[in-house]
1. Scan region 160-191 residue by residue and report those that are of a type in the set (V, I, T) and free of Cβ contacts under 8 Å to residues at least 12 places away in the same chain.
2. Considering each of A144, A136, A183 in turn, give the residue that is part of a helix (DSSP H, G or I), under 30 Å from T242 (Cα atoms), at pLDDT below 95 and out of contact with any strand residue (DSSP E or B) (no Cβ under 8 Å at 6 or more places or on another chain).
3. Go through the residues of region 348-356 one by one and say whether even a single one is of a type in the set (V, I, T), under 42 Å from the mean Cα position of the chain (by Cα) and modelled with pLDDT of 90 or more.
4. Based on what the data block shows, is S203 of a type in the set (G, A, S) and either under 29 Å from S155 (Cα atoms) or in a loop (DSSP other than H, G, I, E, B) (or both)?
5. Quick one: N307 ticks every box in (1) modelled with pLDDT under 90; (2) within 29 Å of F81 (Cα to Cα); (3) outside the structural domain of G401 (by TED's automatic domain parsing) bar one, so which box is it?
6. Could you look through region 272-304, keep only residues that are loosely packed, with under 10 Cβ neighbours inside 10 Å and closer than 23 Å to P341 by Cβ, and pick out the one that is modelled with the lowest pLDDT?
7. Taking into account only those residues within region 308-352 that are of a type in the set (D, E, K, R) and loosely packed, with under 13 Cβ neighbours inside 10 Å, which is nearest to R403 (Cα to Cα)?
Amino acid sequence: MGHAVPGRACSLIDCDAVSFDDELDRALKESESVRAWWKRPWLWIGVAILLIGGGYLLFSDGGNGSSTSADGAPVTTTVGFRSIADVVAASGRLRPIQVVEVGAQVSGQLKKLHVRAGDTVSQGDVVAEIDATIQANVVTAARAQLEALEARLPSTNSFIELAEAGLAREERLMAAQATNQVALDQARNSLINARSSLIQLESEIASQTALIASEEAKLNYSTIYAPVSGVVVSVDITEGQTLNAAQTTPVLLQVADLSRMTVEAQVAEANVGKLSVGSGVSFNTLGGGARSWRGVLQRIVPRASENSSVVSYTAVFEVDNADGTLLPGMTAQVFFELSEPREVLAVPVSMLREFGDSLPGGARTARVRLLSDGGGIEVREITVGEIGSTHAEVLEGLKEGDRVVSPGSQQSE
């Protein structure tokens, strides 16, 4: 028999039902409290915070902002001898030393194009052909006209012979007083007219011969040849296009001699006075890696160009390009040498910090971080002389083989 619930009057069946309901409610509450962990959003938020924090500590090297190599060692450079010179830096563009525009001297439809941009051609190679049907007909008509003129030569010469004979007869008759002066004068006039007709005919023949030569040249112009050896740098027309050379010469393509290149560098107004024609110059390109090209400054164009209120002048020099590495339009980082290059003990400019005041002779002090044999870092004051685009001459404070540490590397000093 069941037990009655205290404080409540119930039957046996009622009390058992109440006890069962209470147990069921309690079980449901416990199930709710231990529901699946992956359905709890606050748990996921906590995991994300832990992952972010751990990743930061792992990849930030403890948050000290050090500039070190992958194994944690500081970035160093060994001091050594290299060529250095006082330079003026400028930016420039490469251009072919010679660019020839190949045009059409006759009108007509472009029948065949034999080259594409980038092709190498030799002087005299056929590069294009224009339909020459009309021009060939013009030449044929001119030759026919010449033949017609030449056909008149025998009759004209015959007129001269007849006039000469008539004049001789009149002169004999005049001597015998068998004619009058009027008849003699008419005979003389007939001979003059006959000879004039011959001269006029010969002039017409010469003119027509010259006309044929001109028309034949135009016919030859329908086949277009490369005027110089080089590389086709642009093609400005397509096959089938109609050309009109009556007023202007249409340009078909451009051929450039890339064996030598011209570098045009824009030098700031403040530096152009430091340059002198004949001084050495070097440059590198964005895609040339560590390779450097050298030349000699040839001229400074005495015309200023202004861009955003900055005045500059164009300095020009040439460089050999036998291997074809340099291409038109490339950007060049140019260094004009103000002094002769010298082999000196040098340190990268990027390794220097805290430059001091200038000293006699153009020297000045600077500080570097020197890596000792024991792995420690010593801050040392040195004296530097000539400072180039990438390296500075070391006068005192360092020797060959010393290892200097990048200012960005963090290590106890």
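The values are calculated or read from the model by the stated rules, or taken from the named source; none is laboratory data. Bear in mind that the values here come from a model prediction, so they are computed numbers and not experimental data. Neighbour counts are summed over all protein chains in view; Cβ atoms, including those assigned to glycine, are modelled from backbone coordinates with ideal geometry.
1. Start the filter on region 160-191 by keeping residues that are of a type in the set (V, I, T), which leaves 160, 179, 182.
The answer is T179, V182.
2. Values: A144 fails: at pLDDT below 95; A183 fails: under 30 Å from T242 (Cα atoms).
Result of the check over A144, A136, A183: A136.
3. To start, the set of residues in region 348-356 that are of a type in the set (V, I, T) comprises 349.
Right, trim to under 42 Å from the mean Cα position of the chain (by Cα) and you get 349.
Next cut, modelled with pLDDT of 90 or more only: none.
Looking for residues that are of a type in the set (V, I, T), under 42 Å from the mean Cα position of the chain (by Cα) and modelled with pLDDT of 90 or more, one finds none in region 348-356, hence no.
4. On the way: of a type in the set (G, A, S): yes; either under 29 Å from S155 (Cα atoms) or in a loop (DSSP other than H, G, I, E, B) (or both): yes.
So S203 passes the test.
5. It is condition (2) that N307 fails.
6. Step one: of region 272-304, the residues loosely packed, with under 10 Cβ neighbours inside 10 Å are 278, 286, 289-291, 302-303.
Adding the requirement that they be closer than 23 Å to P341 by Cβ leaves 278, 289-291.
On the way: G278: 93, G289: 81, A290: 76, R291: 87.
Here the residue is A290.
7. Of the residues in region 308-352, the ones of a type in the set (D, E, K, R) are 318, 320, 323, 337, 340, 342-343.
Those left that are additionally loosely packed, with under 13 Cβ neighbours inside 10 Å: 320, 323, 340, 343.
On the way: D320: 38, D323: 38, E340: 27, E343: 19 Å.
Checking each candidate, the answer is E343.
The rows are residues; the columns are (1) touching a residue at least 40 places away in the same chain (Cβ under 8 Å); (2) surrounded by fewer than 19 Cβ atoms within 10 Å (Cβ to Cβ); (3) on the phi < 0 side of the Ramachandran plot; (4) not small (G, A, S).
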| residue | (1), (2), (3), (4) |
| --- | --- |
| S91 | yes, yes, yes, no |
| Q98 | yes, yes, yes, yes |
| E101 | yes, yes, yes, yes |
| V106 | yes, no, yes, yes |
| L110 | yes, no, yes, yes |
| R116 | yes, yes, yes, yes |
| T120 | yes, yes, yes, yes |
| A132 | yes, no, yes, no |
